[in-house]
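Here is the structure we will look at, set down as structure tokens.
The values are calculated or read from the model by the stated rules, or taken from the named source; none is laboratory data. Since the model is a prediction, treat every value here as computed from it, not as a measurement. Neighbour counts run over all protein chains shown; Cβ positions are idealised from the backbone, glycine included. The area values use the complete protein model at the heavy-atom level, side chains included, leaving out ligands, DNA and RNA. Shrake-Rupley method; radii C 1.70, N 1.55, O 1.52, S 1.80 Å.
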Amino acid sequence: MQTGNETLSTDFILLGLFPGMRHTGFLVSVVLLIYTIAITGNTTLILLIWADPHLHTSMYFLLSQLSLIDLAFISSIVPKMLVNFFSGKRKISLIGCGAQIFFTLTLGIAECLLLTFMAYDRYVAICNPLKYPIIISHQVSQKMAIGSWMGGTLSSLVHTAYAMHFPLCGPRELHHFFCEVKAILKLSCEDISAYEKGVVVTSIIVVLLPISFILTSYILIFLQVLQINSREGRSKALATCSSHLTVVIFYYGPAMLIYMRPGSSHTPILNQALFMFDTILTPMLNPLIYSLRNREVVGSMKKVLRKCPIQNRFPCFSD
């Protein structure tokens with residue numbers, strides 16, 4: 001039984017997207033459209049990489065893992081948000097909130113680590129192409145993927161368990177569209193300054209260090225590209241990196257503004273907009289970026305479409 005100012009109910013109330021906004025229904029409809037595109041795009045990319053033997057390389061294996069993370073990431077947030085909006089119920093249970101925090105943190109950190117491994121993959125491919133099959137073998141790429149998932153899971157487990165143990169005071173209203181650590185901590189009755197310092201340390205480890213490694217990789221890549229005499233060779237080398245670099249900017253930019261900007265806890269509306277970009281828009285954009293900028297993916301798509309008779313339903317991925 002709880003005491004003092006703590007609430008007796010263990011449920012949280014999610015106030016949703018931009019509380020007080022007039023045209024929330026239109027915004028939710030847009031989110032539903034984005035979710036549909038994200039599910040279709042990422043699923044298609046995963047199936048293409050699985051079905052086409054030409055895409056059975058370490059680079060595309062890591063790309064399929066990125067699509068899998070994006071699928072799980074957006075699916076851990078949007079369905080609950082849509083159910084709450086259309087049902088008129090805004091509650092989420094304590095267990096449901098803890099689970100949502102765990103999965104979003106796991107997937108967010110795993111994506112940070114995976115993008116770092118993908119930058120290393122591109123560095124080896126361009127700066128040391130002859131040894132690429134040895135350095136980035138299929139076994140190594142599998143270890144990279146496992147390391148990303150394990151790193152995200154362990155870090156998330158610690159933060160979720162620690163954040164959820166704080167006693168909460170007052171109405172359990174979250175000014176957010178999903179259960180997020182910083183929103184939960186604002187309801188705490190205790191001094192959380194020590195934990196906030198731990199969050200800063202974690203942010204440095206999972207954001208600053210990977211982004212530093214990624215920037216170093218690309219500096220070395222660009223220096224190597226400048227030494228390529230052929231204009232066509234330079235263009236091909238840059239094309240293989242531009243998609244990944246665009247995804248990195250889209251993902252890390254909002255994440256750094258959310259977790260490393262001074263006073264970010266006092267700007268909930270801006271934080272919601274940044275979270276929308278990071279957790280909803282980015283999973284939709286990633287497969288589009290890689291599909292439109294990658295000749296091999298486009299070629300694989302055209303080959304599948306040519307093999308897919310209109311009158312048959314599901315022969316496209318039968319081979």
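Some observations on this one:
- Residues of type lysines that Lys80 reaches as a straight line, Cα spacing below 21 Å, ignoring anything fewer than 8 places off in the same chain: Lys89, Lys91, Lys182
- Each residue was assigned an accessible area with a 1.4 Å probe, and for Glu296 the value is about 100 Å².
- Accessible-area rank, largest first, for Met144, Met301: Met301, Met144, with all protein chains present and a 1.4 angstrom probe.
- Helix-only mean residue ellipticity at 222 nm for the chain, each DSSP H run of n ≥ 4 adding -39500 (n - 2.57), per residue, nearest 500: -23000 deg cm²/dmol
- Within a Gaussian network of the chain (alpha carbon springs, distance under 10 Å), most fluctuating of Asn128, Asn294, Asn271: Asn128
- Helices in the chain that qualify as membrane-span-like (whole DSSP H runs, Cα extent of at least 30 Å along the helix axis, mean Kyte-Doolittle hydropathy of 1.6 or higher) are 24-51.
- Farthest toward positive dipole pole in the chain [+1 Lys/Arg, -1 Asp/Glu at C-beta], among Ser203, Leu14, Gln139: Gln139
- Highest GNM mean-square fluctuation among Leu45, Leu27, Leu15, for the chain modelled with Cα contacts below 10 Å: Leu27.
- Anchor Lys307: aspartates and glutamates whose Cα lies under 15 Å away (excluding residues fewer than 8 positions away in-chain): Asp52, Asp319
- Electrostatic dipole magnitude of the chain [Cβ: Lys, Arg +1; Asp, Glu -1; Cα centre; debye, to 20]: 920
- Rounded to the nearest Hz, the phi-derived 3J(HN,Hα) couplings of region 130-135 under the Karplus curve 6.51 cos²θ - 1.76 cosθ + 1.60 (θ = phi - 60°) are 5, 9, 4, x, 7, 5, where x marks glycine and proline.
- Cα centroid of region 170-213 to Cα centroid of region 55-94, whole Å: 21
- Set of lysines with alpha-carbon distance to Lys131 below 27 Å, sequence-local pairs under 8 removed: Lys143, Lys236
- Of all accessible heavy-atom area on the chain, the percent that carbon and sulfur account for (1.4 Å): 68
- For the chain, the solvent-accessible area with a 1.4 angstrom probe is 52 square angstrom per residue.
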